[in-house]
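Since the structure comes first, as structure tokens, the remarks are kept for the end.
The values are calculated or read from the model by the stated rules, or taken from the named source; none is laboratory data. Just so you know, these numbers come straight off a predicted model, no measurement behind them. Note that we place each Cβ from the backbone using ideal geometry, even for glycine, and neighbour counts take in every protein chain shown. Only protein heavy atoms, including side chains, enter the accessible area calculation; ligands, DNA and RNA are left aside. Shrake-Rupley method; radii C 1.70, N 1.55, O 1.52, S 1.80 Å.
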Amino acid sequence: MTLKLKIGILCLLLIPFIGKSQEILTGLPQNAVLVKAAKKGLPERSGQALRLPFMDDFSSYSGYPDPRLWADNKGYVNTGFAVYPPSIGVVTLDILNEYGQVYPHATPLPFPADTLTSNLIRLDSNFQQHRQMLVADSLYFSFYYQPSGVSKTYPAGGWEIIGDAPDHADKLILEFGYATGDQVFAGYEYGEYIIGEGENYQMGDTIENPFMPGTYYIFESSAYPGEIIMMPSDSIFVDEYVWNEVWSSYGCDVSEWVAENPLEYFKQVMIPITDSQYFRDNFQFRFRNFGSLDEDSWTTANIVGWSSNCDEWNIDYIRLDVNRRYNDLYPNDVAYVTPSMSTLKEYQAMPWKQYRPSDMITQFHNDLSNLSNSVKNTNYTFNIVKNHAQTIYVSPLNNENAEPYYPHGLHDAPHHASPLLEMEYEYDGADSAVFTITHIFSMVGTSDECRTNDTSRFEQKFYNYYAYDDGTAEAGYCLHSTMANPQASLAVKFTLAEPDTLQAVRMWFNHTLDDENVAPFSLMVWANDGMCADGSEGPGTVLYELTVQQPEFAEDYLDFVTYYLEEPLPISGTFYVGFYQVHDVQLNIGFDQNNDARGKFFYRTSAQWYPSFYKGAPMIRPVVGKSFDHSGVPQHAQSNVRIYPNPTTGIIHIQTDEYEQDMQYKVMNVYGQCVESGTLYSNELSLERYPNGLYFVQLLSGNQIVVNEKIIKH
């Protein structure tokens, strides 16, 4: 049973409590990081043969696998899908290809999906001893793996699970191989043959192939003059490879591992290489996964756009070297395990003007690990740099002994695992600020085998929006109603320190199969004067509604889309933003599963609001800032000026009966900032160079405003 089906059953069990409705988490139909990267071109692979040791713990980069080590682009290096890896960062194999899309050949039955193939590795020689490689050199290959679909707080319900566990028929395979140096037949190239005048053929007739004399083409159906048939024109030969399966695992559930050993979120595999056929200058290894679409679960539950990512495997800390033993399970390494956290109590990002010292956390939480089998003396420190230039804080260097992860668990010395944050940011009146927090956890001395996993960085952003999410979706969130007249609302809660103006709402909609989630909704703003079914405060009075909106996908579904309010909305205190729908199409909002905003977002599919059961954060961000300032602006004059089209894709035309040669114009953005001004020399203006959004176009004659038009550019 997959995660997706478990979620469906969970929600059905909750029906007596929450009415005829469901909250639904879906997989992602595409990987926006890889889609965006693929648009710039796939990385060029070096193909250069490597020497031992081979090691990658995926801690120093993200996206495609490192071209210096890997021969293909199909794995996804990330810090979001794994739970408690050996060190920060893993490579995930799933059913999305190198372009970030579901494989075209994906089926509900197990099919070959991702492949992670090493570059050539020189196993012909022991370069340390300057001689040929021998079995006695004790060559071992090791790695850690984790089937996805794991909770960080085991035991926990499905609402805390990240990713989708592979089904029992799905499989992760490790193969060793090499090119033999021979060529093997792989198929044909084809050419077009046009049937000539007077030529008629019936099924079973034969004709000599003009592209390859001495071979014959057999017709499988009737053919007549003028028709084109494709005939083999040349043979294709490719390098012959030998690939031998040396290890595999069928789909399994990490909860079973953790039930037996609370520390075993990943399993380590050790494989000796004793077969001399691999002692050659072009050895390679590769991981392959076989996944399957979970079609039945979605179609049974009437969920649209079900074709999405699933069956993920996380792989980490791959090592290949000589002079190892079967019990060489513990590298001499201390490491960060999970990404570092926000310095704000509530948010991942917030407006700089709204920041108060009380928003700051008082201490960090760090997941740190000693991967060796002995106590290590370690140091920890962090520093904070403002706007990438000014160091504003460096913590004292704290020295502590770290016990091995096995059997003690994560390093829990308070000065390292829970260091105090004994400083505050100082608001300087600027529009924005960025603070980079760099954490360093390191082994004392020079014996640490991997330094890249000692460091973790977080960028604390103070821009013009609030965010509970970190900008990366691990799942999709939607509401499913089974009522006769379906309707649903999602509301996300935010609190201002001082009155402000709501200018827009940014949303991340996941692109689903055949755009089945594209349906109208209303953008909503609610006051904090309502009540949820459990008696807690919740959304109440509608402060604003922008109707007939649709899910949009910035840069082909790769970023947040900004929905501008028709007029800036004054707000204060606590408010809610979200959407309202009067249909049962599952609007699929990006869902960040690595940050917990439970208690901050609510749903309604009947008369009452309910807090969400799911751990995570819907990717919805309110944009606040200065309202348009009308003070000191000249008075409006009566005018018959018309500006069209509106909305526009770039060019706007100005129509007036009394066109004045000295008419002035101003173009202002939604924040009231003038982005362009001048004398109007023609009857059109271009907004093509400006981002999509809401603009105000003013035309002035003397000291009078002839027109002040709100223009939407899309």
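Brief remarks on what is shown
- Amide proton proximity set for Ile571, modelled H, under 5 Å, gap of 5+: Asp500, Thr501, Leu502
- Whole-Hz Karplus values for region 402-414 come out as 10, 6, x, 4, 9, x, 8, x, 4, 5, 10, 4, x Hz, taken residue by residue from phi with 6.51 cos²θ - 1.76 cosθ + 1.60 and θ = phi - 60°; glycine and proline positions read x.
- Listed residues Thr649, Thr378 arranged by accessible area, highest first, probe 1.4 Å: Thr649, Thr378
- Loop-exposed trypsin sites (Lys or Arg not before Pro) per DSSP, neighbour cap 13 Cβ within 10 angstrom, longest uninterrupted part of the chain: 346-688
- Classification of region 301-445 by its C-alpha gyration tensor yields an oblate form. The axis ratio a/c (a ≥ b ≥ c) is 1.5 or more, and b/c is at least a/b.
- Computed 3J(HN,Hα) for region 561-574, one whole-Hz value per residue from the Karplus formula 6.51 cos²θ - 1.76 cosθ + 1.60 where θ = phi - 60°, is 10, 9, 9, 7, 5, 5, 9, x, 10, x, 9, 7, x, 9, glycine and proline marked x.
- Largest to smallest principal axis extent of the C-alpha atoms in region 365-480, angstrom: 49, 47, 23
- Vicinal HN-Hα couplings computed from phi for region 98-106 (Karplus, 6.51 cos²θ - 1.76 cosθ + 1.60; Hz; Gly/Pro x): 5, 9, x, 10, 4, 4, x, 8, 4
- Positive contributions from Lys and Arg (+1) and negative ones from Asp and Glu (-1), summed over other residues with Cβ under 10 Å from the Cβ of Ala223, come out at -4.
- Centre separation in Å (Cα based) which lies between region 24-68 and region 308-374: 19 Å
- Sparsely packed chymotrypsin sites (Phe, Trp or Tyr not before Pro) within region 387-490, loop by DSSP, other Cβ within 10 Å at most 14: Tyr427
- Working from Cα pairs under 8 Å separated by at least six residues, relative contact order for the chain is 13 percent.
- Amide H contacts of Thr648: Ile712, Lys713, His714, each under 5 Å away and 5 or more positions distant or on a separate chain (H built 1.01 Å from N in the peptide plane; Pro and chain starts excluded).
- Per residue, the accessible area of the chain comes to 44 Å² when a 1.4 Å probe rolls over the protein heavy atoms.
- Computed over region 75-178: relative contact order in percent, which uses C-alpha pairs under 8 Å that are six or more apart: 22 percent
- The H on the amide N of Gly616, modeled in the peptide plane, is under 5 Å from the matching H of Ala597, Arg598, each at least 5 residues off or on a different chain.
- Inter-centroid distance (Cα atoms) of region 388-434 relative to region 239-259, Å: 38 Å
- Segment Thr438..Asp253, full-extension length gain: 63.1 nm, with 0.36 nm per residue of separation and the alpha-carbon distance subtracted.
- Where GluC sites (Glu not before Pro) fall in DSSP loop in region 176-223, at most 12 other Cβ within 10 Å: Glu197, Glu220
- Estimated Rh, the chain: Kirkwood, alpha-carbon pairs, angstrom: 29.4 Å
- With the alpha-carbon atoms of region 16-106 aligned to their principal axes, the span from lowest to highest coordinate is 62, 32, 22 Å, starting with the largest.
- Here the accessible area is traced with a 1.4 Å probe on the protein chains. For the chain, carbon and sulfur cover 49 percent of it.
- Rel. contact order, % - alpha carbon contacts under 8 angstrom, at least six apart, region 460-564: 25 percent
- A crude spin-label estimate for the pair Asn379 and Met55, with each label 7 Å from Cα along the Cβ direction, gives 2.0 nm.
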